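Accompanying notes for the structure given below.
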Amino acid sequence: MEPTPPPKHGRARIGTSWEVKAAAGEPFAVVRVRNLQSVVQAAKDAWGRTGKSQPLLVSAELSFSTPFDTAAADDRLGADTVHYGNLSKTILTSLGAATPSPSSSSHLTLRDVLETIWSDLTGLSVDGSSTGAKKKPFLSLARVRFLSVTVTLPKASLLGEAVSLTASSVFGLGDGEDGGAAAPRAQIYSIALDLINLRVPTLIGVNPNERLSKQFVVTSVTIDQFGQSVDFYTDIESVVAKALDESSFETLEALGAHLADSIFSNYGHHGILLAGQKPSDAPQWQLHIRMEKPTAVPLADCPVVEIRAGSAFPRAGRTATAAAVDA
């Protein structure tokens, strides 16, 4: 992979989660906070309703551009690391700020919550553009190589374990504003929506007994380059559940291709576009579908098949060039 050039001004280049991880490289040092718990009145619940309070989990991961020198040698916190207690407090404070006032008629989306946390940590939007905020951000981006923040709604799915939205970015020196000195900027970022472990009874299998009755297929769907700010994960879950319920494939490979086609046929390759938005204004979705059959192999937890679909991947039975033309 060619190195990502430093951006000039405005937004960073969007890529897949894999591309961002690859651009970050192997980290010198990492700090994580996992599943910080809170309650928010934001995003849609499992029935698609707005304005309802629901639990939220937040996870953050930072990797640094240099090793833990001071913290490791002197056993004290320095500029080469971050105080994970203060990191947690900053995130919780952000969630408090993301609560709409009782008199407000608008509602916050899951993307709004993620953007609020990201802005308080970095002073930037997820896409790397300036937020115009005057408050000093929590992180010094000059020391940060990679940042990832995941907001998870564990009760926002009727059939699955959770819904989550993850933003990741790689930082490096870019051109300063108005010809000034080089400054740390986002070089490449990703945004991915996850529907986690949907359990749907499905007629699937090549063995005679598997053709007699449905069995659970546990399916996780990741939509990478998810550029939408609206909440429609409950609608996507319904599309996936319907496709699984009405299918009768023998192989998980064929079922996965069918799921990808069902999602793209309902939402295209760009998702829901806002009023006045052109397809060229929105990034193309890249799907990652993971399917498990828990009861298929008695002496194993489950067999697993994963597929990827989108403009960067060929559809089953076709060349990559044909898939790119269709996208």
I'm trying to understand the selection: among the residues of segment 138-158, which are open to solvent by 40 Å² or more (accessible area, probe 1.4 Å) and over 16 Å from residue 113 (Cβ atoms)?
138, 140, 142, 143, 145, 158
Just one of the numbered conditions (1) at pLDDT 90 or above; (2) acidic (Asp, Glu); (3) out of contact with any Lys or Arg (no Cβ under 6 Å at 6 or more places or on another chain) is not true of residue 80; which one?
(1)
Listed residues 160, 132; which is of a type outside the set (A, V, I, L, M), assigned to a loop (DSSP other than H, G, I, E, B) and closer than 18 Å to residue 11 by Cβ?
132
Does segment 122-155 hold any residues that are more than 21 Å from residue 20 (Cα to Cα) and touching a Lys or Arg at 6+ places or on another chain (Cβ under 7 Å), and which are they?
none
Within segment 260-289, how many residues turn out to be of a type in the set (Val, Ile, Thr) and modelled with pLDDT of 85 or more?
2
Tell me, please, whether a residue that is modelled with pLDDT under 95, at negative phi and part of a strand (DSSP E or B) can be found in segment 174-181.
yes
Could you give me the residue pairs with C-beta distances under 7 Å whose first residue belongs to segment 278-295 and is under 19 Å from residue 251 (Cα atoms) and in contact (Cβ under 8 Å) with a residue 24 or more places away in the chain, whose second residue is in a loop (DSSP other than H, G, I, E, B) and open to solvent by less than 30 Å² (accessible area, probe 1.4 Å) wherever it lies, and which are 6+ apart or on separate chains?
293/204
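For every residue, the table says whether it meets (1) in a strand (DSSP E or B); (2) more than 22 Å from residue 114 (Cβ to Cβ); (3) among the hydroxyl-bearing types (Ser, Thr, Tyr); (4) open to solvent by 40 Å² or more (accessible area, probe 1.4 Å).
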| site | (1), (2), (3), (4) |
| --- | --- |
| 199 | yes, yes, no, yes |
| 217 | yes, yes, no, no |
| 229 | no, no, yes, yes |
| 270 | no, no, no, no |
| 277 | no, no, no, yes |
| 291 | yes, yes, no, no |
| 295 | no, yes, yes, yes |
Within segment 8-41, work out how many residues are crowded, with 17+ Cβ neighbours inside 10 Å, small (Gly, Ala, Ser) and out of contact with any helix residue (DSSP H, G or I) (no Cβ under 8 Å at 6 or more places or on another chain).
5
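The values are calculated or read from the model by the stated rules, or taken from the named source; none is laboratory data. Given the structure is predicted, the values throughout are model-derived calculations rather than measurements. Positions of Cβ are backbone-derived with ideal geometry, glycine not excepted, and every protein chain shown enters the neighbour counts. Heads up: the accessible areas ignore ligands, DNA and RNA and are worked out on the full protein's heavy atoms, side chains in. Shrake-Rupley method; radii C 1.70, N 1.55, O 1.52, S 1.80 Å.
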